[in-house]
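Notes follow the structure.
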Amino acid sequence: YYSRLGGPHGGGDARPSINILLRRQKHTDAGLKMAKKALVLQSSSATKGDDREKEKVDALKEASNIFELGGKDCAFQKACTDEQIALIADQEQLRRSYGSMEVAPPSSSLTSTIMSILKYGAVDPRSAHRLHADADKIAKKYKVTEKRLWHVKVRAFSESGQWAALRNFADSRAKPPIGIKPFALAAIRGGKGQLEIMHYLDRMTDKSDGEDRYDLFCEANMWKKALEEAVKLGDGRKVANVRSMCNSPDIQSLCDRYI
């Protein structure tokens, strides 16, 4: 097996040291060293495009073979390496499918891959349904948790300006697994108007939502609403905070009634 590490792209100082580790039956260390070589190839600018991707996959396959030699002791490392190899293949297929390097760019992480698929809906709206389906397919294949996927989608839609998609996504569940706050925060930080922001805040009706509603109103500089929330909470410090933060004499005068 050692001689197989001597392929045309296996050079450098890595190969002899990996052979030594293998002779000593240190399969974990040898496999990790080969996997590290793949990461070096990933960040290298000496080789371009498809050739760099092929070299990286070849190095990862070698790492997987080494981990296999280690049996149960290397089972986790082998599974992670095989998953990365599969992800690279899926990324290549996605780029071909949409004819764009913006979708699943080479060397992107799993989260970045899903983000890029969803963000491409802003570039090609007619493919949005298919893009969403492909993002869900990748998430399911690589066991992305529901909450993590929801956070990724909120980020992707808001960062790419797909506000209608964000609203539809929020409205797809009566009680989203991540709550409504991330949607409201995305709208606020995306510079959306009060009408859009209130679409989300109006859904935060539980008594336990009061603190978050107050914080979000402050984040949005909606000082009258923030004051109303502070009064509901019976929190004088929050009222004082509104008074010190806002620049409206009328609202400051209202605050004085409750301090």
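The values are calculated or read from the model by the stated rules, or taken from the named source; none is laboratory data. The model shown is predicted, which means the values in this text are computed figures rather than measured ones. Neighbour counts run over all protein chains shown; Cβ positions are idealised from the backbone, glycine included. Heavy atoms of the whole protein, side chains included, go into the accessibility calculation; ligands, DNA and RNA do not. Shrake-Rupley method; radii C 1.70, N 1.55, O 1.52, S 1.80 Å.
Annotations for the structure displayed:
- Scope region 112-123; condition within 22 Å of Thr81 (Cα to Cα) and open to solvent by 40 Å² or more (accessible area, probe 1.4 Å); matching residues: Ser112
- Within region 69-122, the set of residues being within 30 Å of Gln25 (Cβ to Cβ) and touching a Gly at 6+ places or on another chain (Cβ under 9 Å) comprises Leu69, Gly70, Cys74, Gln77, Lys78, Thr81.
- In region 60-105, the residues that are open to solvent by less than 70 Å² (accessible area, probe 1.4 Å), among the charged types (D, E, K, R) and in contact (Cβ under 8 Å) with a residue 12 or more places away in the chain: Glu62, Lys78, Asp82, Asp90
- Failed condition for Gly10, given (1) more than 20 Å from Ala89 (Cα to Cα); (2) modelled with pLDDT under 85; (3) exposed (fewer than 13 other Cβ atoms within 10 Å of the Cβ): (3)
- Residue count, region 178-216 (criterion: of a type in the set (Val, Ile, Thr), open to solvent by 60 Å² or more (accessible area, probe 1.4 Å) and either in a helix (DSSP H, G or I) or touching a strand residue (DSSP E or B) at 6+ places or on another chain (Cβ under 8 Å) (or both)): 0
- Of all residues assigned to region 235-243, none qualifies as being modelled with pLDDT under 95, of a type outside the set (A, V, I, L, M) and under 36 Å from the mean Cα position of the chain (by Cα).
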